[in-house]
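Beneath this line is the structure, given in structure tokens, with notes to follow.
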Amino acid sequence: MIIKAKNISKKFMREYVLDHISFNLKSGDRVALMGPNGAGKTTLVRAILGFYKLDGGSLEVFGKNPIKSRVEVLGGISFIPQLPPPIKLNIEELLKYVSKSSGIPKEAIVKEAKKMDLNLKANLNKPFFKLSGGMKQKLLIAIALSKKSKLLIFDEPTANLDPKGRKQFYELLSGINRECSTIYITHRLDEIEGLINRKIYMELGKIVEDERL
Amino acid sequence: MKNLALIAYLDIKESLRSKWFYVYSFVFGGLMALFFITGVSDAVVMGFTGLSRMLLIFIQITIIILPIFILITTVKSIAGDRESHILEYMLSFPVSLKSYYWGKMAGRFVTVFLPVFFALLMGVIFGLIKGGSLPWGLILLYTVLIFALCFTFLGIAFFISSVVKSTDIALGSSFSVWILLLAFIDIALIGLMLQNRLDDKIILALAMLNPIEVFRIGAISLFDPELTVIGPVAYYLLDSLGRNLLIIYAVVYPVAVGGVFALFGYIAFKKRDLL
């Protein structure tokens, strides 16, 4: 089991943002996590990544508590945020951080980036925040895919990409291991329809629909 | 440990490119240069001249500006990264919170301590070129005191940065801490309290608890206690505790304060929601 969530809840300002949710994610599950703004999708993902302490219930990722065993849990997860953060490190430094912390060879990231027409070697001294929106997103995607994680979490990963970039991204995704589990937070189901085998719909902190395709 | 060193190294690299670092280095380096241009080291006003006089003036100014520089540049470290979602991304990699927090602090310590230390060295070199004698004891004491002061305010800044979630509140808190501690130095509020005949013990306790005042007393302790610059509380403490004990206290206490705040900051960082 990749994720085992039992009755988990999280409150912000006395309001439930995750309202006693239970769900399991098995190896090979590729889920589209959908719902309106404020439904709790990002909170759920952040709880999986160990950023939030839960107010109730139990959450296990790879059989471990994501807060107590954050290094082991995060070693198996690749995450792409909705908007690339304004990281001030230059590309070389960012690659060093990723490479040393996650054990990914830099060449693997460079190779993955090349598949999306991103030449990292020509931009190594450029601060990450000075790259164009599309370049930033491609780099984050390249990092996530080269990590070869058991669980990929994408929060609107194509928000900054042009149509060609999106196409390249989806082509890359279709090539990843079928055993790998994926969570896509998305509002554009049509774009990822061929990539998913499960659909979870959230509303007001609850899972209101969980459908296998 | 491997990741802690990596994070410290990357924080140093990032700081070396930041505008705040250039302003910070320029202020302290420029201050020393200004002393030479204006001939501070040659003036005889309070009974001591040359390099010692210049270093004393440098340290007196450092007392005022170093804390606020450290606070406002460091307080954004975690709070700012949290607000801009940098923390969310960087902590999505398998790095322990211990490595991240202490690595950031170690990196930041290097970038706040070295410019002030180099400015001090610059003063010493200029002084030697001008033919002055080398006050080894003073240089060593000031180096250790600057180290202690940097550590104190770095610890306080990391605590604020961890506890507070928005950069604006973090900056506001930094200013409040700075103003409060500055108000309670010998020449300010404490002088006023003495005039109003407040209980001596309270005044002395306040002085001994304030790391800026402790730093100030430590910094001037090598000079003649009769000097007017010293202030009544500092004079009393020097007279009753003795120079050596005061110097040890002036180093150990601020380091302990910084350490305790940094530790509480780490606990808050670890125990609370990261975002």
Which of the residues spanning segment B:91-117 are over 14 Å from B:Leu16 (Cβ atoms), touching a residue at least 60 places away in the same chain (Cβ under 8 Å) and small (Gly, Ala, Ser)? B:Ser96, B:Ser99, B:Gly103, B:Ala106
Specify which of the listed residues (B:Leu145, B:Leu141) is within 19 Å of B:Ala234 (Cα to Cα) and in contact with a Gly (Cβ under 6 Å, 6 or more places away or on another chain). B:Leu145
Could you list, in sequence order, the residues of segment B:1-40 that are more than 9 Å from chain A (Cβ to nearest Cβ) and of a type in the set (Phe, Trp, Tyr)? B:Trp20, B:Phe21, B:Tyr22, B:Tyr24, B:Phe26, B:Phe28, B:Phe35, B:Phe36
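Among the candidates A:Ser99, A:Ser27, single out the residue that is among the hydroxyl-bearing types (Ser, Thr, Tyr) and touching a Pro at 6+ places or on another chain (Cβ under 7 Å).
Details: A:Ser27 fails: touching a Pro at 6+ places or on another chain (Cβ under 7 Å).
Just one listed residue meets the conditions, A:Ser99.
Which residues, taken from segment A:36-59, are farther than 14 Å from B:Leu274 by Cβ and surrounded by 16 or more Cβ atoms within 10 Å (Cβ to Cβ)?
Of segment A:36-59, the ones farther than 14 Å from B:Leu274 by Cβ are A:36-41, A:44, A:55-59.
Listed by number, the residues that qualify are A:Ala39, A:Gly40, A:Lys41, A:Leu44, A:Gly57, A:Leu59.
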Give the number of residues within segment A:60-84 that are in contact with a helix residue (DSSP H, G or I) (Cβ under 6 Å, 6 or more places away or on another chain) and buried (at least 19 other Cβ atoms within 10 Å of the Cβ). 6
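Please report, ordered by residue number, the helices (runs of 4 or more DSSP H) entirely within segment A:60-122 with at least 1 residues that are more than 30 Å from A:Ile8 (Cα to Cα), among the β-branched types (Val, Ile, Thr) and at the interface with another protein chain (Cβ under 10 Å from one of its Cβ atoms).
Details: elements: A:70-74, A:91-102, A:106-114.
Those helices (runs of 4 or more DSSP H) span A:91-102.
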Is it the case that segment B:248-268 has a residue that's surrounded by 13 or more Cβ atoms within 10 Å (Cβ to Cβ), at pLDDT below 80 and closer than 25 Å to B:Val144 by Cβ? no
Residues of segment A:10-33 being closer than 21 Å to B:Leu91 by Cβ and within 14 Å of chain B (Cβ to nearest Cβ), in sequence order, are A:Lys10, A:Phe12, A:Val17, A:Leu18
Residues of segment A:34-59 satisfying the condition of being out of contact with any helix residue (DSSP H, G or I) (no Cβ under 8 Å at 6 or more places or on another chain), of a type in the set (A, V, I, L, M) and more than 14 Å from chain B (Cβ to nearest Cβ): A:Ala39
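Is one or more of the residues making up segment B:84-92 over 25 Å from A:Val73 (Cα atoms), modelled with pLDDT under 95 and not aliphatic (A, V, I, L, M)? Outline the logic, then answer.
Of the residues in segment B:84-92, the ones over 25 Å from A:Val73 (Cα atoms) are none.
No, segment B:84-92 contains no residue that is over 25 Å from A:Val73 (Cα atoms), modelled with pLDDT under 95 and not aliphatic (A, V, I, L, M).
Restrict the check to segment B:96-110 and report whether at least one residue is within 19 Å of B:Ile65 (Cα to Cα) and β-branched (Val, Ile, Thr). Working first, answer last.
First pass over segment B:96-110, keeping only residues within 19 Å of B:Ile65 (Cα to Cα): B:108-110.
Okay, now just the ones that are also β-branched (Val, Ile, Thr), so B:110.
Checked against the condition, which is being within 19 Å of B:Ile65 (Cα to Cα) and β-branched (Val, Ile, Thr), segment B:96-110 yields at least one hit.
Residue under question is A:Leu145, and the condition is that it be more than 11 Å from chain B (Cβ to nearest Cβ), part of a helix (DSSP H, G or I), in contact (Cβ under 8 Å) with a residue 12 or more places away in the chain and not β-branched (Val, Ile, Thr); does it hold?
Working: more than 11 Å from chain B (Cβ to nearest Cβ): yes; part of a helix (DSSP H, G or I): yes; in contact (Cβ under 8 Å) with a residue 12 or more places away in the chain: yes; not β-branched (Val, Ile, Thr): yes.
Criteria met by A:Leu145.
The values are calculated or read from the model by the stated rules, or taken from the named source; none is laboratory data. Just so it is clear, the structure is predicted and the values come from calculations on it, not from any experiment. In this analysis, Cβ positions are derived from the backbone assuming ideal geometry, glycine residues included, and neighbour counts consider all displayed protein chains.
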